[in-house]
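Engineer: Mind looking over this structure? Questions follow.
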Amino acid sequence: MLAGGLSLGAGLAAPPVRAEASGAKPEILTLVVNGDRVRLEVDVRASLLDTLRDRLRLTGTKKGCDQGACGACTVLLDGRRVLSCLTLAVMHEGSEVTTVEGLAEGDRLHPVQRAFVDHDGFQCGFCTSGQIMSAVGLLAERPRVTAAEIPELMSGNLCRCAAYSNIRDAIEAAAHLSREGE
Amino acid sequence: MAIGRPLSRVEARDKVTGAARYTADTRLPGMVYAALMSSAVSAGRVRAIDTARAEAAPGVLAVITHLNRPQWHSTPAALRYVETRFPLADEHIHHHGQYLAVVVAGTREQAAHAAGLVAVDYETRPAVPTLDAALPDAHQPVWRFEPEFPTLLALGDPEARLAAADVRLDLEYRTPYNSHAPMEPNATLAHWDGGSLTVHETSQQVHLDRPVIAGALGLPPDRVRVVSTLVGGAFGNKTAVWAHTLLAAVAARQVGRPVQLVVTRKQVFTCHGHQPPIIQRLRVGANRDGTLQAITHHTVNGTPVLFDRPEAAISPTGTVYALRSVGVRVEVAGMHMPAPATMRTPGDGPGMFAVGSALDEMAYALELDPIELRRRNHLAVHPLLGRPWSGKQLLECYDVGAERFGWERRAPRPRMMRDGADWVGFGMSSAQRLEHHAAARAAVEIRDDGSAEVRTAAPEIGTGNLTTLTQIAADGTGIAPSQVDIRSGDTTLPESAPTSGSRTTGSTGTAVHLAALRARQAAARLAVADPRSPLHGLPAERVGAARGRLYDVDVPRRGETYRDLLRRNGRRSIVEQGFHDPAGADPRFAYATFGAHFTEVRIDDTLRRVRVTRHVGVFAVGRVLNPKTARNQAQGGIIYALGGALMEDLATDPVTGRFIAPALTDYHVPVNADVGDIDVSFVEEPDYNAHPLGAKGLGEVVAVGVHASIANAVYHAIGIRVRDLPITPDKLLRP
Amino acid sequence: MDTFEYKRPGTVREALRLIATHPDAEIIAGGTDLVTLLRDRVRTPARLVDINGLPLDGLRWSRDGVRIGALCRNAVDDPRLAAAYPVLVRALRSGASPQIRNRATFGGNLLQGVRCPYFRLPEFACGRREPGTGCAAIEGDGRLLGIFGTSAACIAVHPSDCAVALLALDATVVVEGARGTRRIPVGDLHRLPGDTPHVEHALRDGELVVAVEVPASPFAARSTYVKFRERASYAFALASAAVAVHSERGVVRDARVCLGGVAPKPWRAHTAESALRGRRLDAAAIEAAAEAATAGAAPRPDNAYKVELVRGVVRRALTELLVK
């Protein structure tokens, strides 16, 4: 069990500074995020990633590079895995976004999340949201993915702690589990 | 027993659900954003800086430069702040990317935009861009960490011994700039409450940061709180206070709001540490019987022009193998480079690349198996201290590793193993890392609901210390690990060892162990003195604890739970402190961790990229607290070093010295598909001479020797000896 | 990032008008390259025209081949495409991570910026980024840069894998502009730098790529792509080869040998193609073609290794075709 420290800052009020002060004309945007319809004003420059993190307070999605090179910001956009740092929020009017916060059903972890816990598929955890979302996207693309295919298909997600072997094992186990569930 | 069990990480659920909160995820009401503006030149002076456009940009609250910054109140202590000057010191520019301004604005986009509007009129001077260009400046460093990390040392008469040796080798090895490249960029959230400052920081060591921050800002240390609960990887680049922290603090004071400053990835690569380039010259002499006679090791590494920072690549040289004579010399050469930082594994990483490669070269010269050469020069005592190692199972590591790897299938000479289009090569190296200690404190509280809480400042950087410290406290108190909470990463908690240098298990772990034992003993004393307790009247040392219950070790049925004991006595909790005193180490011994690496590489003859298809690592680190997290960390350490061996090179422009690949797109670290079968095992023998728990550090020794093991395998595969890392395809061309 | 006016047209006609009426307009599709260029201030458009709402998606098959919409994503997974044009599908798969391929489009892939650190870091002089400022790469680190088609003004390499495959397939880029539709062979799309490195491609102001047409051809099915990079995946090519061979009665009638990662544009190795024509595709012919593929290479000392890599990727790619 983990106590203290971690929940600081959760659920606090938004800062009073508004997007229209930016000089750019803000755009009104509607997104469906983890099943919830949200309507907000965005700076046209804001990435989907920063919008999720700064505006919607969904900080589970991480910014590792903001260069499209690490995969930590992977989310599902209309069901497909994408890098949320490489796309502007304003481009996704009406889109459905799933983040790591949207996977578990109540206390019940998604099979991929469960497998990452069981197989210790992380160390520092900073790439983990992206790894998990990428794995969920991969299993949607290829429910019958083989162990040999996983490394290449997960190579867009860097893990500097290099828990790669465990990440593969976790995805293989989750794939197996979801096939059994068919 | 919780120790030794493969428990899942205590924070695992938070990490897979996105609930885990890192520094940049922490938010405060009214928080605004800062961005840093960096120098476009590598050396020179700011002739003029124009902030008018930035100040006028939408949403901008402040622009701070060297002209209007608040005064710094101290000068930096070596290595605790990364440089010898605090940020925005004056108009002089000593490296590319040096921060010249911090901009605060209402949104992240506004801050980043305005930082780009700061205009600078530079007076540019020629830079010393590369280590080769800096070599005329090579000099012995002024360095305050002697003698623990010596820069000049001689044992015996290496020159005479070399001259008399049957076989002599004179070799030069090179390593380039390497970057820590943690996934999490450095970040700060600073906020003031009256005259007190709280800094949420990506830090491996909150207590060591505090006096630096307080000193710079002219505050008493107790007015500064540093919080760092979860860190998204560090590898050493979060072991010092960097410019962004101080700039966020002064910016927050100036705008009167909490300020978040997350540095960009380009800035992480540039201004937040790296391992500097190193040139190492090794001369080794051995006799035909395979006995090493002498070694000299002379290194030069790049250092910033303003101060000397040696990279102690000589650290393994005198202590890994039996040698009659040793001479080491470390020099530095000034370059217009940003400040380096200790990087997994400082000194030993690059040093063992050279020593482990040279041993391999000597083995071929003597026509000996590389393991056999190492066996013949095995060292039972620390030669400089003259003390036996507290526990050394290196020979067992060779045996276990050779067996697991299938070393007996190795062909004796290079270019003899082929599988279809692939050349196949086997290589090996030993690993060693001296065990370092630091003072550490912890508190353990046993509560009247039967649970316990551990409190110690050590941030969790991914090593699993929240879990292992929980396990230690669980066993010390006899309370199930699921009933043990842990709080960490905060200067309001007892001061741990820094989470660096493989010190957590030995130092902080010992403090937690002692605190837990003392809490249990205090509970036992309460019980035996309490007439209502079933344990009343027993000698306290006859009281054991397990599953949340105190019991008579002679009559285990007799006992009671902590919960009953505390509630009956009206006690909410029992709190005890533990202190690990590094001065208390047994002076009869020398301390280190050991290991052996075995690598199989495959190299396609047409397209010559090195693939590490199999790697076996065997480590002797005393007792393994948690095999699940330990195996993961060991695999990670091996792969970390694999990156350094095969691809990592923070390339520089030869004219300006500027890093030309400050992006994870271009600075290549291993991806999932680069990783073959990594087999990790332990020769587990508790080392109670080193620590009361019998466990030693793990995170670094696993990465030591990997570079050499891979380079040796490459030579074995195709007969090309690469002495300058990384071993990229351009170095393996067909003759 | 500097601010800009954001527009999302619903028709090609409206898109063309939005581009034509603003001198600093930039088109965004997948954004996987452009967003990084905006963030690093390599590109600073005043107007951003988001074309994702245009009906330019999908594959259209005909007897003549396939027409691929400019907005078709690089993740396209179509068994018919894989069977008809193996070289293209392999190039796409090696091109980027699945996340990037789910966004990146055919049009954007062709028009992405060059890979040159000096182009992407505004601290350095780059005449491609800012006309007339020179080229810091010339005196700089050129290990990853070009060995063919470079000039004293630019030694960058074009990073697209897909474009190299399309070149080998004789594909054509369909563009629309105010004056109607025109077709540009893929090989003519990118310009060599010469002394005008900022003129990157053959599109005229106000033109929009709407499709790529890949013809049916006798050699398309017997084709492959080999990409060599510094790590196992998720990296740009140090060198790559797209090859396609059409044989009749065991003799090569026609062939394509195209190279990536070695020139400012996808590079067609005509000499290597000639070396194959009229011969049986065997080890000796492959060796001759691999050698011929390096004709015209003008490496620098720091990237001379790429000459050997060119031989290697061509040798490997043609060898793969032996078993097909």
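The values are calculated or read from the model by the stated rules, or taken from the named source; none is laboratory data. Being a predicted model, the structure only gives us computed values, none of them experimental. A quick note on method: Cβ atoms are made from the backbone with ideal geometry, for glycine too, and the neighbour counts reach across all protein chains shown.
Engineer: Would you point out which residue out of A:Gly5, A:Gly60 is modelled with pLDDT under 95, under 30 Å from B:Gln471 (Cα atoms) and not assigned by TED's automatic domain parsing to the domain that holds A:Cys161?
Structural biologist: The unique qualifying residue is A:Gly5.
Engineer: Now a separate question. Keeping to the range B:101-143, report how many residues are of a type in the set (A, V, I, L, M) and either part of a helix (DSSP H, G or I) or at pLDDT below 95 (or both).
Structural biologist: Number of matching residues: 9.
Engineer: Further question on the same structure: Read through the list (1) on the phi > 0 side of the Ramachandran plot; (2) surrounded by 22 or more Cβ atoms within 10 Å (Cβ to Cβ), then give the number of the only condition that B:Val10 fails.
Structural biologist: Condition not satisfied by B:Val10: (1).
Engineer: Look through B:Arg631, B:Arg608, B:Arg623 and report the one residue that is surrounded by fewer than 24 Cβ atoms within 10 Å (Cβ to Cβ), of a type in the set (D, E, K, R) and within 11 Å of another protein chain (Cβ to nearest Cβ).
Structural biologist: B:Arg631
Engineer: Taking the options B:Ser500, B:Ser429, B:Ser488, name whichever one is at pLDDT 95 or above, under 22 Å from A:Cys124 (Cβ atoms) and within 24 Å of the chain's Cα centre (by Cα).
Structural biologist: After applying the criteria, what remains is B:Ser488.
Engineer: Among the residues of the range B:634-657, write down those that are within 10 Å of chain A (Cβ to nearest Cβ) and of a type outside the set (A, V, I, L, M).
Structural biologist: B:Gln635, B:Gly636, B:Gly637, B:Tyr640, B:Gly643
Engineer: What pairs come out if I take residues in the range B:213-228 that are without any contact (Cβ under 8 Å) to a residue 40 or more places away in the chain and pair them with residues that are small (Gly, Ala, Ser) and surrounded by 18 or more Cβ atoms within 10 Å (Cβ to Cβ) whose C-beta lies under 8 Å away, six or more apart or interchain?
Structural biologist: B:Ile213/B:Ala249; B:Pro220/B:Ala214; B:Pro221/B:Ala214; B:Arg223/B:Ala214
Engineer: Identify, from the list B:Leu247, B:Leu217, B:Leu208, B:Leu197, the residue that is out of contact with any helix residue (DSSP H, G or I) (no Cβ under 9 Å at 6 or more places or on another chain), more than 28 Å from A:Thr61 (Cβ to Cβ) and of a type outside the set (Asp, Glu).
Structural biologist: B:Leu208
Engineer: Still on this structure, I have one more. Identify all residues within the range B:24-59 that are more than 10 Å from chain A (Cβ to nearest Cβ) and in a strand (DSSP E or B); write none if there are none.
Structural biologist: Residues satisfying the conditions are B:Ala34, B:Ala35, B:Leu36, B:Met37, B:Ser38, B:Gly44, B:Arg45, B:Val46, B:Arg47, B:Ala48, B:Ile49, B:Asp50.
Engineer: Turning to a different aspect of this structure: Are any residues in the range A:126-182 part of a loop (DSSP other than H, G, I, E, B) and of a type in the set (Gly, Ala, Ser), and if so, which ones?
Structural biologist: A:Ala147, A:Ala148, A:Ser155, A:Gly156, A:Ala162, A:Ala163, A:Gly181
Engineer: With the condition kept exactly as written, say whether any residue in the range B:275-285 is modelled with pLDDT of 95 or more, polar (S, T, N, Q) and touching a Gly at 6+ places or on another chain (Cβ under 6 Å).
Structural biologist: Checking the range B:275-285: not a single residue is modelled with pLDDT of 95 or more, polar (S, T, N, Q) and touching a Gly at 6+ places or on another chain (Cβ under 6 Å).
Engineer: Turning to a different aspect of this structure: If I ask for residues that are over 19 Å from A:Val82 (Cβ atoms) and either more than 14 Å from chain C (Cβ to nearest Cβ) or in contact with a Pro (Cβ under 7 Å, 6 or more places away or on another chain) (or both), which ones from the range A:145-165 would you list?
Structural biologist: Within the range A:145-165, A:Thr146, A:Ala147, A:Arg160, A:Cys161, A:Ala162, A:Ala163, A:Ser165 meet the criteria.
Engineer: Somewhere in the range C:112-122, is a residue more than 12 Å from chain B (Cβ to nearest Cβ), polar (S, T, N, Q) and either under 23 Å from C:Ala297 (Cα atoms) or part of a helix (DSSP H, G or I) (or both)?
Structural biologist: No: the range C:112-122 contains no residue that is more than 12 Å from chain B (Cβ to nearest Cβ), polar (S, T, N, Q) and either under 23 Å from C:Ala297 (Cα atoms) or part of a helix (DSSP H, G or I) (or both).
Engineer: Select from the range C:17-33 the residues that are outside any strand (DSSP E or B) and more than 10 Å from chain A (Cβ to nearest Cβ) and write down the one among them that is nearest to C:Gly113 (Cα to Cα).
Structural biologist: Going through the qualifying residues, I end up with C:Asp24.
Engineer: Kindly indicate whether B:Glu435 is away from chain A (no Cβ under 13 Å) and buried (at least 24 other Cβ atoms within 10 Å of the Cβ).
Structural biologist: yes
Engineer: So, one more: Select from the range C:34-71 the residues that are surrounded by 23 or more Cβ atoms within 10 Å (Cβ to Cβ) and in a loop (DSSP other than H, G, I, E, B) and write down the one among them that is nearest to the other protein chains (Cβ to nearest Cβ).
Structural biologist: Top of the filtered list is C:Ile51.
Engineer: OK, next. Take the residues of the range B:80-100 that are surrounded by fewer than 21 Cβ atoms within 10 Å (Cβ to Cβ) and of a type outside the set (Lys, Arg): which is farthest from the other protein chains (Cβ to nearest Cβ)?
Structural biologist: Of everything passing the filter in the range B:80-100, B:Thr84 is farthest from the other protein chains (Cβ to nearest Cβ).
Engineer: Hey, could you check the range B:671-688 for residues that are in contact with a strand residue (DSSP E or B) (Cβ under 9 Å, 6 or more places away or on another chain) and in a loop (DSSP other than H, G, I, E, B) and say which is nearest to the other protein chains (Cβ to nearest Cβ)?
Structural biologist: B:Val675
Engineer: Which condition breaks for B:Tyr33 when tested against (1) of a type in the set (Ser, Thr, Tyr); (2) surrounded by fewer than 24 Cβ atoms within 10 Å (Cβ to Cβ); (3) more than 25 Å from the chain's Cα centre (by Cα)?
Structural biologist: The single condition B:Tyr33 does not satisfy is (2).
Engineer: Looking at (1) buried (at least 24 other Cβ atoms within 10 Å of the Cβ); (2) of a type in the set (A, V, I, L, M, F, W, C); (3) assigned to a strand (DSSP E or B), which is the one condition that is false for B:Ala313?
Structural biologist: (3)
Engineer: Do we find that B:Ala641 is closer than 20 Å to B:Arg433 by Cα and either crowded, with 24+ Cβ neighbours inside 10 Å or modelled with pLDDT of 95 or more (or both) in this structure?
Structural biologist: Against the criterion (closer than 20 Å to B:Arg433 by Cα and either crowded, with 24+ Cβ neighbours inside 10 Å or modelled with pLDDT of 95 or more (or both)), B:Ala641 qualifies.
Engineer: Could you list, in sequence order, the residues of the range C:158-179 that are part of a loop (DSSP other than H, G, I, E, B) and within 12 Å of C:Tyr85 (Cβ to Cβ)?
Structural biologist: Once the filter is applied, which keeps residues that are part of a loop (DSSP other than H, G, I, E, B) and within 12 Å of C:Tyr85 (Cβ to Cβ), the range C:158-179 yields C:Leu169, C:Asp170, C:Ala171.
Engineer: Just to verify a result, which residue in the range B:13-23, among those that are in a helix (DSSP H, G or I), facing chain A (nearest Cβ under 7 Å) and buried (at least 24 other Cβ atoms within 10 Å of the Cβ), is nearest to the chain's Cα centre (by Cα)?
Structural biologist: For the range B:13-23, the residue satisfying everything is B:Lys15.
Engineer: Turning to a different aspect of this structure: Within the range C:72-83, restricting attention to residues that are in a loop (DSSP other than H, G, I, E, B) and not small (Gly, Ala, Ser), which residue is surrounded by the fewest Cβ atoms within 10 Å (Cβ to Cβ)?
Structural biologist: Here the answer is C:Asp77.
Engineer: Just need a number here: residues in the range B:82-99 that are outside any loop (DSSP other than H, G, I, E, B) and over 17 Å from B:Val305 (Cβ atoms).
Structural biologist: 0
Engineer: Can you pull out the residues in the range A:55-112 that are farther than 20 Å from A:Ala170 by Cα, touching a Leu at 6+ places or on another chain (Cβ under 9 Å), within 13 Å of chain B (Cβ to nearest Cβ) and part of a loop (DSSP other than H, G, I, E, B)?
Structural biologist: Within the range A:55-112, A:Leu56, A:Arg57, A:Leu58, A:Thr59, A:Lys62, A:Lys63, A:Gly64, A:Cys65, A:Asp66, A:Gln67, A:Gly68, A:Ala69 qualify.
Engineer: How do the pairs read when you match residues in the range B:543-560 that are touching a residue at least 60 places away in the same chain (Cβ under 8 Å) and surrounded by fewer than 15 Cβ atoms within 10 Å (Cβ to Cβ) with residues anywhere that are of a type in the set (A, V, I, L, M) and assigned to a loop (DSSP other than H, G, I, E, B), using Cβ under 9 Å and keeping only pairs 6 or more apart or on different chains?
Structural biologist: B:Arg547/B:Ile479; B:Arg547/B:Ala480
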